[in-house]
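The values are calculated or read from the model by the stated rules, or taken from the named source; none is laboratory data. As the structure is a computational prediction, the values presented were derived from the model and not from experiment. Methodologically, a virtual Cβ is constructed for each residue, glycine included, from the backbone with ideal geometry; neighbour enumeration extends over all protein chains shown.
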Amino acid sequence: MITHRYTVFIGVVGIVLGLGAVRAYAQAPPGVDDSQSPADVPAGDAATEGLRSLYVPGGLSPDRAVQAVIGTSPDLKRTKALLEQAKGGALQAMSALVPQLELIGRYTRLSPVDNPTFEIPGLGALTFPSLTKQTATDATLSYSFTRSLAEAMPAYRAAKKSKAAAGYQIQAELNDVAFDGRRAYYEYARAEAGLAVANFALEAAVSQREETEALVGAGSAARVDLMRVRAQEEAARVAVEQAKLGAQVAARALQTLMHTEELPSLGEDLSEEVTGIPTETEKTLLERAYQDRPDLLALLKYIEVTEHQLKSAKGGGAPDVLARGSVQYSNPNLRVVPQQQRFESTWEVSAVIRWTPNGTVAASGRAHEIRAALQQAEADTQLMRDAIRVEVAQGYHGMLAARSAIESSRLGLEAAREGYRVTREQLQAGIVNTTTLLQAQTELIRAQVDVVESAIGIRIAKAQLRRAIGEMP
């Protein structure tokens with residue numbers, strides 16, 4: 001499939017650019033109509049056909065590539081774990097808002113004691129038994145007003161905010177992963193186009209060398225011209241090998257992000273006009289970014305989370321006021337006098353206030369730590385706003401530059417084609433030498449590369465701008 005793309009690209013570029021006709025006598029490469037001059041094809045059509053030649057029907061589209069990257073991204077899976085973590089924190093905090101039920105079952109061996117004997121008139125001597133085994137069950141229900149209202153309630157609100165922050169973080173990671181996938185796709189397209197152009201440049205160099213050898217043999221050209229052409233051919237071979245390396249690396253990078261071994265193919269027609277580009281002013285785009293960027297929204301939510309955590313930490317140092325009730329069913333029941341070898345039930349209800357100085361000091365220390373984290377988060381928010389402002393500016397002006405590059409590359413292609421045509425005619429007339437023709441040929445190849453670069457550049461610029469304002473690229 002890769003060979004197919006190279007062949008198509010070379011054939012089309014040979015037709016529309018006329019690079020194959022590098023022989024001084026206008027000998028055309030196979031499959032090219034030598035009656036058609038490069039000047040007969042408009043530059044806009046040349047650029048369009050050259051870009052369209054990279055398209056493979058049914059190939060991998062950028063949207064499909066992005067979906068594959070998203071579906072297999074470990075970074076996204078790791079970020080989604082934050083949501084489960086936040087849910088767990090909310091469940092823990094919620095458990096402290098309801099009364100705490102404690103159930104205990106126990107078996108106890110008691111040490112024997114010597115109980116006194118009482119003389120009761122009319123009844124005689126009375127001795128209490130000393131039982132050394134006890135089986136008991138206890139059920140205690142307690143509710144801490146301080147822990148529930150001053151500590152658990154802020155903690156629960158913090159956990160709920162954490163779930164919202166995790167959702168924004170997931171969206172931010174989703175945007176980053178989508179951008180990485182789309183950029184890798186277009187980097188692969190750039191590498192494929194570069195390899196196709198390098199292969200064609202090599203063919204052109206070989207053709208030029210063969211023609212120059214013939215001219216030197218006929219005594220119409222100097223041997224130094226042949227040396228220059230051979231050097232140009234070797235440079236073209238090196239460029240092909242470098243382009244192959246670049247294409248292989250770009251393909252592996254895209255395969256790695258997609259977690260697949262299947263070789264990608266370009267399923268997007270790069271000659272088509274790019275749509276969906278934000279058209280607002282830079283100021284409006286910046287306002288949208290401040291409002292919609294999920295990473296900024298996640299940080300703002302994190303500040304709210306930290307504020308609730310600070311309230312919870314302060315509440316943890318207050319004296320604890322709680323109500324408690326319990327029921328005991330035991331054999332023997334120690335509250336029954338005299339003790340008897342049978343199960344008895346008793347209950348108790350109490351109001352308790354307790355305070356631990358060490359706990360207050362620990363809570364104060366935790367509050368200081370959280371307050372410092374809050375200050376850091378507020379500073380990070382300002383830093384992120386500054387970074388977003390720069391990203392929006394880069395995306396906005398990068399898009400303007402990319403649009404200008406589209407028009408500039410087409411004009412450059414037109415100028416390079418015309419320059420090459422004139423230089424060929426001058427070479428045939430003996431006005432210039434092969435060095436000048438090689439320079440014109442190099443400029444023509446560079447102009448075609450610029451067309452490809454501009455087509456890919458505007459697509460990457462669009463993705464960068466959409467990511468900068470909080471949209472999925």
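Name the one entry in Val240, Val216 that is in contact with a helix residue (DSSP H, G or I) (Cβ under 9 Å, 6 or more places away or on another chain), modelled with pLDDT under 90, under 29 Å from Val432 (Cα atoms) and β-branched (Val, Ile, Thr).
The match here is Val216.
Considering segment 374-386 alone, what residues qualify as being more than 15 Å from Ala298 (Cα to Cα) and not acidic (Asp, Glu)? Explain how you work it out, then say what you get.
Keep residues of segment 374-386 that are more than 15 Å from Ala298 (Cα to Cα), which gives 375, 386.
Answer for segment 374-386, where residues must be more than 15 Å from Ala298 (Cα to Cα) and not acidic (Asp, Glu): just Gln375.
Please identify the pairs in which a residue from segment 323-338 that is in contact (Cβ under 8 Å) with a residue 24 or more places away in the chain and buried (at least 17 other Cβ atoms within 10 Å of the Cβ) has its Cβ atom under 9 Å from the Cβ atom of a residue that is among the aromatic types (Phe, Trp, Tyr) and in a strand (DSSP E or B), counting only partners at least 6 apart or on another chain.
Arg324/Tyr143; Gln328/Trp347
Considering each of Leu263, Leu257, Leu215 in turn, give the residue that is within 26 Å of Gly71 (Cβ to Cβ) and assigned to a helix (DSSP H, G or I).
Result of the check over Leu263, Leu257, Leu215: Leu257.
Give segment 215-234 a look and list any residue that's closer than 25 Å to Asn199 by Cα and surrounded by 14 or more Cβ atoms within 10 Å (Cβ to Cβ), or say none.
Hits for segment 215-234 are Leu215, Asp225, Leu226, Arg228, Val229, Arg230, Gln232, Glu233.
Within segment 319-342, is there a residue that is touching a helix residue (DSSP H, G or I) at 6+ places or on another chain (Cβ under 9 Å) and assigned to a loop (DSSP other than H, G, I, E, B)?
yes
Answer yes if at least one residue in segment 436-455 is farther than 30 Å from Pro62 by Cβ and either within 34 Å of the chain's Cα centre (by Cα) or surrounded by fewer than 16 Cβ atoms within 10 Å (Cβ to Cβ) (or both), and no otherwise.
Yes - at least one qualifying residue is present in segment 436-455.
Would you say Leu101 is at pLDDT 90 or above and either in a loop (DSSP other than H, G, I, E, B) or closer than 30 Å to Ser144 by Cβ (or both)? Show your work before the answer.
On the way: at pLDDT 90 or above: yes; either in a loop (DSSP other than H, G, I, E, B) or closer than 30 Å to Ser144 by Cβ (or both): yes.
Yes, satisfied.
Would segment 461-472 turn up any residue that is touching a residue at least 40 places away in the same chain (Cβ under 8 Å), on the phi > 0 side of the Ramachandran plot and buried (at least 17 other Cβ atoms within 10 Å of the Cβ)?
Yes, some residue in segment 461-472 is touching a residue at least 40 places away in the same chain (Cβ under 8 Å), on the phi > 0 side of the Ramachandran plot and buried (at least 17 other Cβ atoms within 10 Å of the Cβ).
Under 8 Å between Cβ atoms, at least 6 apart or on separate chains: pull out the pairs that start in segment 366-388 with a residue that is farther than 24 Å from Ala172 by Cβ and free of Cβ contacts under 8 Å to residues at least 60 places away in the same chain and end on any residue that is assigned to a helix (DSSP H, G or I) and of a type in the set (A, V, I, L, M).
Listed pairs, sorted by first residue: Arg366/Ala313; Ala367/Leu310; Ala367/Ala313.
Residue check: is Ala205 crowded, with 20+ Cβ neighbours inside 10 Å and touching a residue at least 40 places away in the same chain (Cβ under 8 Å)?
Considered against the rule, which asks whether it is crowded, with 20+ Cβ neighbours inside 10 Å and touching a residue at least 40 places away in the same chain (Cβ under 8 Å), Ala205 comes out as no.
Somewhere in segment 394-405, is a residue surrounded by 14 or more Cβ atoms within 10 Å (Cβ to Cβ), in contact with a Ser or Thr (Cβ under 6 Å, 6 or more places away or on another chain) and assigned to a helix (DSSP H, G or I)?
Yes: one or more hits.
What number of residues within segment 410-437 are at pLDDT 80 or above, in contact with a helix residue (DSSP H, G or I) (Cβ under 9 Å, 6 or more places away or on another chain) and part of a helix (DSSP H, G or I)?
18
If the requirement is being surrounded by 19 or more Cβ atoms within 10 Å (Cβ to Cβ), in contact with a Phe, Trp or Tyr (Cβ under 6 Å, 6 or more places away or on another chain) and touching a residue at least 24 places away in the same chain (Cβ under 8 Å), which of these qualifies: Leu286, Leu297?
The match here is Leu297.
When segment 346-393 is examined, which residues are found to be of a type outside the set (D, E, K, R) and part of a strand (DSSP E or B)? Write out each step before concluding.
As a first pass, look at segment 346-393 and keep what is of a type outside the set (D, E, K, R): 346-347, 349-353, 355-365, 367-368, 370, 372-377, 379, 381-384, 387-388, 390, 392-393.
Within segment 346-393, Thr346, Trp347, Val349, Ser350, Ala351, Val352, Ile353 meet the criteria.
Within segment 37-53, take every residue that is assigned to a helix (DSSP H, G or I) and over 22 Å from Arg190 (Cα atoms) and give me the one that is modelled with the highest pLDDT.
Asp40
Report whether or not Ala178 is closer than 30 Å to Ile458 by Cβ and at pLDDT 90 or above. Steps first, please.
Values: closer than 30 Å to Ile458 by Cβ: yes; at pLDDT 90 or above: yes.
Yes.
When you check Val56 against the structure, is it outside any helix (DSSP H, G or I), of a type in the set (Val, Ile, Thr) and over 30 Å from Met258 (Cβ atoms), yes or no?
no
Name the residue that is nearest to Arg183 (Cα to Cα), counting only residues in segment 219-246 that are in contact (Cβ under 8 Å) with a residue 60 or more places away in the chain and in a helix (DSSP H, G or I).
It comes out as Gln232.
Taking Ala86 as the residue in question, decide whether it is over 16 Å from Ala166 (Cα atoms), aliphatic (A, V, I, L, M), assigned to a helix (DSSP H, G or I) and in contact (Cβ under 8 Å) with a residue 60 or more places away in the chain. If you could, list the steps in order and put the result at the bottom.
Working: over 16 Å from Ala166 (Cα atoms): no; aliphatic (A, V, I, L, M): yes; assigned to a helix (DSSP H, G or I): yes; in contact (Cβ under 8 Å) with a residue 60 or more places away in the chain: yes.
Answer is no for this residue.
Check off (1) touching a strand residue (DSSP E or B) at 6+ places or on another chain (Cβ under 8 Å); (2) in a helix (DSSP H, G or I); (3) of a type in the set (Gly, Ala, Ser) for Ala289 and give me the number that stays unchecked.
The failed condition is (1).
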